[in-house]
Structures are given as structure tokens and as C-alpha cells.
Amino acid sequence: MTSTGRPAARLPLALAGLLALATLIAARLDAQTTYDIVLHGGRVLDPESGLDALRDVGISGRTIAAVSATPLHGRVDVDVTGLVVAPGFIDLHSHGQTPEAYGFKAMDGVTTALELEVGVSPVPEWYAARTGKSLINFGASSGHIPARMAVMHDTGGLLPRDNAVTRVATADEQRAIQEAVRTGLQQSGLGVGMGIGYFPTASPAEILDVFYLAASFKRPVFVHMRAGDIVAELQEVIADSAASGAPVHIVHLNSMALDRTPEALRIVDGARARGLDVTTEAYPYTASMTDIASAIYDGWDTRPDADFATLLWPPTGERLTRESFLRYRKQGGMVVRFGNTEEMVRLAIAHPAVMIASDGIIDHGQGHPRGAGTYARVLGKYVREEHVLSLMDAVRKSSLMPAMRLEAISAQMTRKGRIKVGADADIAVFDPARVIDKATFEKPAQFSDGFRDVLVGGVFVVRDGQLQQGATPGEGILAR
């Protein structure tokens, strides 16, 4: 017994010795390797593995090449002691895909901004206009909204305002719209962008047909639901998803459900528990924003006078009256509406199934503060100040969860939303004690504070808190 037991007793010791030797060898190799960039001594958060520890991060080219507990050496060495090193944030709902807007995104920790709700049409031209010229990564869905507007000769801009709103699409027009959306999916659009709320004349059958089309490509529908009763709104899109097999992502659930957010979250939870591919998002503000000339404001001329005071006109900062509402509605333009409560915002962004997305736009200095401050606001107000959610949860909702929503569609997204070897070096470095939004409803075009360094594909787009002019490392995110 004694003689046969000794080798067995030695085996764990031998394995432990081998592991220690392997660790030592790996450490020595790391010490000998020179990386392009090393971020030294930061608090690394990786929401996929749960890593929350002090580490050095080595970057080679566009890729994270090492995450090490021992010191690394780089051609560029950056001391990030006392700062958080997190995956760059992925905004699934980002309008205003312009150099101006991308600058505000980068200063808010965003490394990938996607136009998935409205989408674009035609798809190739949109991507071509940004390739090789973009500060951050970009991408879009095949837009049902722009396709319907084009086919029906609507005169609106980002959103419809006349023919596509007031007329029922003919059978021929519906076929043409479907063909335009199909073409965009064939050309690597990331799904179908759909704004049912902007097309009150679109029948349930027309909408269901678009879901069937998305399902044939195994792509999600990113949907702004109808305006009305939240239960009926959710029932329509979840039923369409179940019947067609198309995944569905419901945009800005908080601003659709308002004080019925608990009821809406219960419905989403129930659908997910029964195996349906349903996801959703929220932004951390009590006010929404959309075009005053759109169908969202149909019927407002009959509302009580007090309702108009909930509307703010960004170019002047004025609260509206019935008279100014009617005047601006003829003109068209983005209007802010204060209609939610902090209680409902907190409930939505803390919910485990809800991602963070901005629905933001900054255009010539005008817009909603969410276009500049969404992610800093979550980290500063709701994590640090109010403890609504943990830092790791906030990072997960802003990076890994959006990446996972798209990784079955785009191989590129399997390398984003993580801090690990082999992941893209899309990284946000921020001060957790300082990070906060500065944008306001009166002055939305203000950079967030606290993001010291932001890298896209291993290239600094923010360095020492300063936007890097002329940097263009952003790549287009495409379906497989």
C-alpha cells in the first residue's frame, strides 16, 4: 500500500510544479515581448469572464495580445493606475452618423455606433461614404423606414412626414419596399430597421411580412413600436417574432412604456423565458426626442394646453405653447418631450435584460443630451452616485450585451465587448470617481468628462482626455 501510494501522492505535486513552471515561462515571454501599446496597472473589467483586477493590457496592431498580472513592455507605455480599463461601448441605436456625432460618441466611451432603428437604404453607398474616414466603428440595418419613404415619395428627412404617413401603401408599393429591404439585407445590412410608430397606416399584415423577410435572412428586426397601449404594442411585435422566427430588438422600451415600464418588462421577461429571441434597450433620461412633424405628434392639436409645456424646442430652449407647437410642426425639426420619471428610468436600466443605447443625435450642435452623455451618465449618476447598478453590470450592458445581440450575424462582433486575448483593441479607459455627463437639454453639444483614453482598433481616438483630430481607425460592421 505504501509503495503504490507514493507515486499517486507525488502526481498533484508534479502537476502543480508544471503549472508554476508554465506560468513562469509565460511571464518571462511576456516580459521579453514588446507590444505596440501597453496600458499599465489599470482596473481591468471583462464582462464575459468576470475579470475585475489590476492588469497590464498589451496591444499589437488592432488586437489585444496580452492581459497580464505581471508587467508588460510596450513601444508606447501608458500608465492607467487608478483608472478602469473596459471594453469600448457599443451603441446599437445611434443616429447622426457624422464626424461631429462620432466625436461626441468617442468622448463618451463609445467605439462602435450603429444605426439600427431607422437603418439606411441603399446600404452600400452608406458604408462607402464612411469607409476609411471614420473615427469609430459604424454599421447599419437595412432600413424599412427609408425604403418606404423612397417608394412612397415622402418628403421627410430622417423620418417620414407626409405620403408614407397619410397613405396606405398599395400592393405594388409594398412589394417595392420589400425588395428594397431585401436588397439591403443581401448587401450585408445588420438586420431590418423598422419604425411602426411612424407609419400609422401600415397594416399588421404589412409589418408581419417584413418580419418574415428578416427571418429568411436570420436577421433581427430593430423596431420602434406603434404608439398606443404598451401591451398591444408589445403583443404585436412579439407575436410577429414568434410567428416568423425573426429575432426582435425593441428600442427604447422606457420611453414607450413610461409609467407602465414594470408591465412592459414583465412581458419581455415572459417571452424570453419561453425561448423567444427578444431583447430591448433603454437610455438614462426622462425626456424623449423625435421630429415634431412626424406621426408621433398626430392629434396633439386637440390636447390640453398643459401638455404643450412638456415640449422643449432645442434651437431656442423654449417650452412650447399650442401656438408655437403648430408653428414648429409645419416647419419640422426635433423636439424634446418630458414624459418619464426617474423611478421608471432606474427600473429600466437596472433590469438584467435591458441594454444601454442612446437613441442619440447631435447635429450642428443641436440635439438631445443623450447623443453626447448617455454612457457617462450611467456610470456617473446611476452607478457611482445612486448605486442603481454595479460598475460591472453597467459595462456589461454597454458592451458585451450589444455585442452578443449581433454576434450570430456579424463575426466581427465576437471580438468586441471583451477585454481578452484575441479581442479587438476597442477600449475605454475612464476615471470611475470622475466620469459624468456634461450635456444638457439647453446645451447638448458638450463632451462627457472622465474618459481619459479611448482606443478603436488599437488607435487612440481620445488621448489624455482630448479628441484626436484626423484619426480614422473606424471599420464598418457588416453581416456575415
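The values are calculated or read from the model by the stated rules, or taken from the named source; none is laboratory data. Quick caveat, the model's predicted, so the values are computed rather than measured. When we count neighbours, we look across all protein chains shown, and the Cβ atoms used for this are built from the backbone with ideal geometry, even at glycine. Surface areas here come from the heavy atoms of the whole protein model, side chains and all, with no ligands, DNA or RNA. Shrake-Rupley method; radii C 1.70, N 1.55, O 1.52, S 1.80 Å.
Listing for the model above:
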read-out	value
Volume of the Cα convex hull of the stretch 146-195, divided per residue and given in Å³	72
Ala239/Thr201 FRET efficiency (R0 22 Å; Cβ-Cβ; nearest 0.05)	0.65
Under 5 Å, built H, 5+ apart or other chain: amide partners of Ala439	Gln446
Full-stretch length increase - Thr81, Thr155 - with 0.36 nm per residue and alpha-carbon distance subtracted	21.3 nm
Dimensionless Rg/Rh of the stretch 231-367 - Kirkwood Rh, Rg from C-alpha atoms	1.02
Hits among lysines - C-alpha to C-alpha of Lys218 under 16 Å, sequence gap 8 or more where chains match	none
Segment Thr183-Asp307, length gained on full extension (0.36 nm per residue, minus Cα span)	40.4 nm
The chain - accessible surface per residue (Å², probe 1.4 Å)	39
Helix-only CD estimate at 222 nm, as mean residue ellipticity for the chain, using -39500 (n - 2.57) per DSSP H run (n ≥ 4)	-10000 deg cm²/dmol
Centroid-to-centroid separation of the stretch 290-325 and the stretch 211-275 [C-alpha atoms, Å]	28
Virtual spin-label span in nm between Ala273 and Ala433, 7 Å along Cα→Cβ	4.3
DSSP H segments from the chain that extend 15 Å or more along their own axis, Cα-based, with Kyte-Doolittle mean of -1.0 or above	2-32, 171-186, 204-216, 230-244, 261-273
Long-range HN-HN contacts of Met355 with modeled amide H, under 5 Å	Thr280, Glu281, Ala282
Hits among lysines - C-alpha to C-alpha of Lys420 under 18 Å, sequence gap 8 or more where chains match	Lys397
Rounded percent of accessible protein surface that carbon and sulfur make up, the chain, 1.4 Å probe	56
Backbone N within the stretch 379-410 under 12 Å of label point (7 Å from Asp52 Cα along the Cβ vector)	389-396
Loop trypsin sites (Lys or Arg not before Pro), the stretch 249-335, which have at most 14 other Cβ atoms in a 10 Å radius of their Cβ (DSSP)	Arg274
Alpha-carbon spread of the chain, three principal axes, descending order, Å	90, 48, 42
Anchor Lys133: lysines whose Cα lies under 21 Å away (excluding residues fewer than 8 positions away in-chain)	Lys105, Lys416
